[in-house]
Amino acid sequence: MSRTEQHSVLVTNARGPSPFVIVCDHARNRIPTRYGDLGLTMTERVSHIAWDPGALAVSRKLADLLDAPLVQSTVSRLIIDCNRDLDAPDLIWTLSEATRIAANEGISAEERQYRIDHYHRPFHASIETLLEARRHAGQETILICMHSFTPVYNGVARPWPIGVIHGVDARYTAAVRDALAAEDPALNIGWNEPYAALNGVTLTLERHGDGRGLDATMIEIRNDEILEPVGVDQWSARLARCLEAARLARGGAMAV
């Protein structure tokens with residue numbers, strides 16, 4: 001796969017012929033050198049508060065299976081959350097679950113703008129550039145936003161191994177849910193779980209999917225399912241089949 005890297009975003013296989021485009025907002029836990037360790041321990045910096053463990057591994061494998069483009073952020077969401085609008089209170093986290101991020105408290109307007117200009121805007125601009133090129137080429141596009149979630153949050157267990165989340169248009173997400181259920185009727189599929197658009201966590205989905213009138217969905221996999229290669233392989237293969245089945249159910253042509 002060809003790769004083009006900017007400071008805060010990595011675009012892989014931009015000319016992939018697949019109708020699918022994979023986006024991973026919380027792919028990395030990298031903290032740029034200028035921020036040191038944000039006052040956090042190593043354990044905190046590798047935990048879910050800093051990124052979505054396993055989401056990038058699934059995104060890469062899925063992109064390979066589908067021959068699809070992949071756009072990923074290369075900085076931790078603790079620097080700025082690329083899946084939040086600019087006026088969201090958690091655009092720059094100061095408290096994540098029970099962990100205080102003191103280094104983000106009371107940052108200046110200049111620092112906030114720096115993070116927007118250097119990390120948030122380039123990520124979304126790269127998605128826009130890719131999608132616009134596909135539109136000009138007359139290429140079908142379905143946007144897939146990949147995430148992972150913790151098995152327990154604030155002491156509450158989350159039983160779903162996978163959740164599917166929609167923006168304004170629920171139709172493609174419903175087709176994905178139906179495809180997953182058809183493949184494994186016993187699978188506990190979360191509908192708008194563990195998050196929903198009302199929680200303010202679907203910026204990428206709504207801006208680049210609904211905003212362009214594209215079929216789109218956000219997929220959340222419980223991270224204990226995808227921390228080892230066998231789980232990554234299983235979920236990637238399952239999603240590749242189900243995303244295409246959902247596409248066909250929506251009237252798409254068979255992928256080349």
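Side notes on the structure shown:
- Each eigenvalue of the Cα gyration tensor of segment 49-140, multiplied by 5 and square-rooted, gives one semi-axis; in descending order these are 29, 18, 9 Å.
- Segment 9-60, Rg to Rh (Cα coordinates; Rh as Kirkwood inverse mean 1/r): 1.08
- Prolate/oblate/rounded call for segment 93-169, Cα gyration tensor, a/c under 1.5 rounded: oblate
- Between helix 121-136 and the chain: long-axis angle, C-alpha atoms, 0 to 90°, nearest 10: 20 degrees
- When you restrict to C-alpha pairs under 8 Å that are six or more residues apart and normalise by the size of the chain, the relative contact order lands at 24 percent.
- Nearest-ten-degree value, helix 55-66 long axis tilted from longest Cα axis of the chain: 30 degrees
- Expected 222 nm ellipticity per residue - DSSP helices of 4 or more, -39500 (n - 2.57), all of the chain, to 500: -9000 deg cm²/dmol
- Computed Rg/Rh of segment 33-80, alpha carbon atoms with Kirkwood Rh: 1.08
- Here segment 107-154 is assigned +1 on the Cβ of each Lys and Arg and -1 on the Cβ of each Asp and Glu. Its dipole about the Cα centre then comes out at about 80 debye.
- Packing-based ranking of 35-41, 79-85, 127-133 yields 79-85, 127-133, 35-41, ordered from highest to lowest mean Cβ neighbour count within 10 Å.
- Taking every alpha-carbon pair under 8 Å whose residues sit at least 6 apart, segment 143-256 reaches a relative contact order of 39 percent.
- Distance from the Cα centroid of segment 45-78 to that of segment 85-127 is 19 Å (rounded to whole angstrom).
- Along its three principal directions, the equivalent ellipsoid of segment 1-157 from the Cα gyration tensor extends over semi-axes of 29, 18, 13 Å, largest first.
- Debye equation applied to the C-alpha atoms of segment 153-256, log10 I(q)/I(0) at 0.11, 0.20, 0.21 Å⁻¹: -0.35, -1.12, -1.20
- Heavy-atom surface of the chain, accessible at 1.4 Å and reported per residue (Å²): 44 Å²
- Accessible surface of the chain [probe 1.4 Å, protein heavy atoms]: carbon and sulfur percent: 53 percent
- Using only side-chain charges placed at the Cβ, +1 for Lys and Arg and -1 for Asp and Glu, the dipole size of segment 1-140 relative to its Cα centre rounds to 400 debye.
The values are calculated or read from the model by the stated rules, or taken from the named source; none is laboratory data. Computed from a prediction, not measured in an experiment: that's the story for all the values here. Positions of Cβ are generated from backbone atoms using ideal geometry, with glycine treated the same way; all protein chains shown enter the neighbour counts. Surface areas here come from the heavy atoms of the whole protein model, side chains and all, with no ligands, DNA or RNA. Shrake-Rupley method; radii C 1.70, N 1.55, O 1.52, S 1.80 Å.
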